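To start, the structure under review is shown below, and the notes come after it.
The values are calculated or read from the model by the stated rules, or taken from the named source; none is laboratory data. Given the structure is predicted, the values throughout are model-derived calculations rather than measurements. In this analysis, Cβ positions are derived from the backbone assuming ideal geometry, glycine residues included, and neighbour counts consider all displayed protein chains.
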Amino acid sequence: MTANAIQILRDLIAIPSVNPMRSESGEAVERGVADYIESALRRASIDCERQEVIKGRENVIAIVHPSSGGSESQQNGLMLNSHMDTVPVANMTIDPFDPVMRDGRIYGRGSCDAKGSIAAMLASIIAHANRPVRSRPIVFAAMVDEEFSFAGSWKLIERNWPVSAAVVGEPTRLASVIAHKGVARWRIKVRGVSAHAAVPHLGHNAIYDGARVALALEAYAAELAKRPAHQLLGYPTLNVGRVAGGQAVNMVPDICEFEIDRRLLPGEDGNEVIRDCQDWIRNQIGEDISLIVEDAFLDDPPLDTPRDAMIVKAVDQAHLAALGRPSSIEGAHYGTDGSKLARAGIETVVCGPGDIAQAHIKAEFVEIDQVEQAVRLYDNLIMHFAN
């Protein structure tokens, strides 16, 4: 089974699935990976379906049904969930789609984030489908668009699935991530008055005002570090990731625009965070600057699964049985599809092969033994739930 997972991973790496990093692209970027997964599932006689999320981009969802059991057990199954898309490949120092194996590693875009998880989950669920006794359903869900807007997972939870718990495959070094930050992203526009650069006094320079806003945002980010910290996640953070202004060097700019990334702790609300930031800026710069604070273009919730949740205990037991050691309980600063599943009432742990430090890099890789261990872990977890 582990050898099969390694071959699946190599096959998946060789299929490009680069996220265009924009909404409504119309590009079927995950289709090749989705076709591969569906074919593998159907060869194993596993029921599966495609769920359109964005035109040409579809989640793949499979269910291994119980062979026996009452109505309660039919609804308390397990979901294994990961994503098919990858980040872009520009400036990589390796061939992103050539799954080279060297020094105990497999290289290629998506090897770590998150095709290693998909390969291990797919191998595990195919093996499980051949077992004669299954008392609970096992769902495997391969998502589109995790890297940009989590559109796949938001679409997934529009339906009710026969599960009460989920494991989301991301590079956690097989640690159990039970909490991660959310994120709110929005734009702030500073308005000025355009004029010819030869007579700047006839206009009002939006970039000069924008500089004052930037300093206020810097002070706000520093103030966040003084707020109460989460035990696993630390304090909330803010980053100004983009600034743009002006049309030409010989014009007084009438607009200066910022894009803000604010990481959310459990209990924080994106809209409230935006209002808090706006109030801070106003207190710093006064009322004389024309400021437009837009609504969030991304408002993604954090994850905060209780330590005593059933899925946390189950993953820990599977970890001990499969790998001979208990699972490490951790938090993550990045977001995942897991917080959407939790929003739908599904207890969720993020756990997968690879290290986030090897994700998105110019020579992305995953340790082969991590993928092999993930297969054993997922397989043990499936048996725990299914039997």
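What to note about this one:
- If you go through region 312-344 and pick out every residue that is in a loop (DSSP other than H, G, I, E, B), of a type in the set (Gly, Ala, Ser) and touching a residue at least 40 places away in the same chain (Cβ under 8 Å), you end up with 4.
- Test for VAL213: is it part of a strand (DSSP E or B) and crowded, with 22+ Cβ neighbours inside 10 Å: no
- Qualifying positions in region 21-43 - buried (at least 17 other Cβ atoms within 10 Å of the Cβ) and more than 25 Å from ASP369 (Cβ to Cβ): VAL29, GLU30, ARG31, ALA34, GLU38, LEU41
- Hits in region 226-259 - residues which are over 24 Å from THR305 (Cα atoms), under 25 Å from the mean Cα position of the chain (by Cα) and surrounded by 13 or more Cβ atoms within 10 Å (Cβ to Cβ): ASN239, VAL240, VAL243, PHE258, GLU259
- Selection of region 11-68 for residues being within 22 Å of the chain's Cα centre (by Cα), farther than 16 Å from ALA114 by Cβ and among the hydroxyl-bearing types (Ser, Thr, Tyr) yields SER23, SER25.
- Members of region 121-136 that are buried (at least 24 other Cβ atoms within 10 Å of the Cβ) and hydroxyl-bearing (Ser, Thr, Tyr): SER124
- Which listed residue is closer than 24 Å to PRO302 by Cα, at pLDDT below 95 and touching a Ser or Thr at 6+ places or on another chain (Cβ under 8 Å), from SER176, SER149: SER149
- For region 1-20, a residue qualifies if it is within 12 Å of GLY110 (Cβ to Cβ) and part of a helix (DSSP H, G or I), and the qualifying residues are LEU9, ARG10, ASP11, LEU12, ILE13.
- From the options GLY116, GLY108, residue that is in contact (Cβ under 8 Å) with a residue 40 or more places away in the chain, among the small types (Gly, Ala, Ser) and touching a Phe, Trp or Tyr at 6+ places or on another chain (Cβ under 9 Å): GLY108
- The strands (runs of 3 or more DSSP E) falling completely within region 46-110 that include 3 or more residues that are modelled with pLDDT of 95 or more and closer than 30 Å to MET310 by Cα map to 47-54, 57-64, 77-83.
- Scanning region 127-158 for residues that are part of a strand (DSSP E or B) and more than 24 Å from ALA44 (Cα to Cα) yields a total of 0.
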